[in-house]
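The values are calculated or read from the model by the stated rules, or taken from the named source; none is laboratory data. Keep in mind that what you see is a predicted model, and the values were worked out from it rather than measured. Glycine gets a Cβ as well: all are built from the backbone with ideal geometry, and neighbour counts include every protein chain shown.
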Amino acid sequence: MVFKKFMAKLGKGSAQVDLILDQHQYKLGEQINGQLVITGGTVEQEINKIDVDFMMSVRAGEHIQTVLINRFPFPESFKIQPSEKKTYSFSYQLPQNLLLSCNSVSYYFITHLDIAAGVDSTDRDPIDILPPDRLQNILYAFDRLGFREKHDSRSFDGHMQEFELAPTSMLVKEVEEVEFVAAIAETGIHLLLEVDLRTFFGEKEVKRELWLDNQLLDDQNALIDYLQQVLLEMVNNPSLYHADKAQFRHKISGLPGAIGAFAIGLIAMELLEEAVEDIVEDFFEDDDDDDDDDDEDSLLDFFGDEEED
């Protein structure tokens, strides 16, 4: 028994934690349900607490930023006997303005089991966050029109998540790329559509603000026809459309369904804290190099130089 206790303190035969989710793909706004299962090891152990952290990782170029979205503490301490199982229910309502999962955005839960006088146990559970049905209908309509999502679509520009589509058939000679950002409201979706036109003088950006009500979003054929009409109008009469991206962001930033807006404060705060830490470290190290200037611009550098609208 003494040997088992000694090995448990080293992590061999100690208690384990497992977060078991009902599934691993969820749409924005859906509720995640699952169970937190703690299994005793070879000896009795004291559990100080359990934390479940919901994490997001965002990549922009060579930068990767990982931020804590939410922490779910189980602060009660308890003892667990050898091979005993304890189960707790777990649920979490996803915000409607998170970034969607993509090549540059990923999500996971990290569960920490704090074991007194022993090696803590951890569990990692990745999940995918998918577009809600109404937004998926827009992507499907563009796909039917011959505009496919690009590999690097759904990037976060520091304000919202941008969807990028490449023409494969319709307007393939006239259009270089179609982009949009979206904010989901109760009765429809706000869309800022940008069409990058091929011209003799180079690329020309044409921006147009759209409101798609739920009735249109639920009628796939009507939605396809409407978006086709919109694209043709923007290509044939580009001088008529002068939507401003900054104004659009300001207008919809307070909506609970502004896709990606949830990340603005989180990432900005993480980057600011890192910049401050770097400056403090450089100060105490009495480093005479000029690299300190980079710290002041870390919030901008993470997402690169953004075009002024």
Take the residues of segment 234-261 that are touching a residue at least 12 places away in the same chain (Cβ under 8 Å) and more than 30 Å from the chain's Cα centre (by Cα): which is surrounded by the most Cβ atoms within 10 Å (Cβ to Cβ)? M234
Just a yes or no: is a residue in segment 93-111 surrounded by fewer than 13 Cβ atoms within 10 Å (Cβ to Cβ) and more than 30 Å from Q228 (Cα to Cα)? yes
Over segment 156-187, the set of residues of a type in the set (V, I, T) and over 15 Å from the mean Cα position of the chain (by Cα) is T168, V172, V175, V178, I184, T187
For D213, indicate whether it is free of Cβ contacts under 8 Å to residues at least 12 places away in the same chain and acidic (D, E). no
Scanning segment 51-67 residue by residue, the ones that are among the hydrophobic types (A, V, I, L, M, F, W, C) and at pLDDT below 95 total 4
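Yes/no per residue for (1) in a helix (DSSP H, G or I); (2) among the acidic types (D, E); (3) at pLDDT 95 or above:
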position: L210; (1), (2), (3): no, no, yes
position: I224; (1), (2), (3): yes, no, yes
position: V235; (1), (2), (3): yes, no, yes
position: L266; (1), (2), (3): yes, no, no
position: M269; (1), (2), (3): yes, no, no
So for segment 25-44 (the condition being at pLDDT below 95, of a type in the set (K, R), surrounded by fewer than 19 Cβ atoms within 10 Å (Cβ to Cβ) and assigned to a strand (DSSP E or B)), does at least one residue qualify? no
Scanning segment 207-257 for residues that are in contact with a His (Cβ under 7 Å, 6 or more places away or on another chain) and of a type in the set (V, I, T) gives I252
Report yes if some residue within segment 60-67 is aliphatic (A, V, I, L, M) and without any contact (Cβ under 8 Å) to a residue 40 or more places away in the chain; otherwise report no. yes
Given the structure, is Y108 of a type in the set (F, W, Y), touching a Pro at 6+ places or on another chain (Cβ under 6 Å) and modelled with pLDDT of 95 or more? yes
Are any of the residues in segment 132-140 part of a strand (DSSP E or B) and surrounded by 14 or more Cβ atoms within 10 Å (Cβ to Cβ)? no
Residue satisfying condition, being of a type outside the set (A, V, I, L, M, F, W, C) and on the phi > 0 side of the Ramachandran plot, within set G202, G257: G202
For E84, all conditions in the list (1) at pLDDT below 95; (2) surrounded by 13 or more Cβ atoms within 10 Å (Cβ to Cβ) hold save one; what is the number of the exception? (1)
Would it be correct to say that E177 is in a strand (DSSP E or B) and surrounded by fewer than 20 Cβ atoms within 10 Å (Cβ to Cβ)? yes
Test for Y88: is it of a type outside the set (G, A, S) and over 22 Å from I64 (Cβ atoms): yes
With respect to L191, determine if the residue is at pLDDT 95 or above and of a type in the set (A, V, I, L, M, F, W, C). yes
Go through segment 141-151 residue by residue and tally those that are free of Cβ contacts under 8 Å to residues at least 40 places away in the same chain and in a helix (DSSP H, G or I). 1
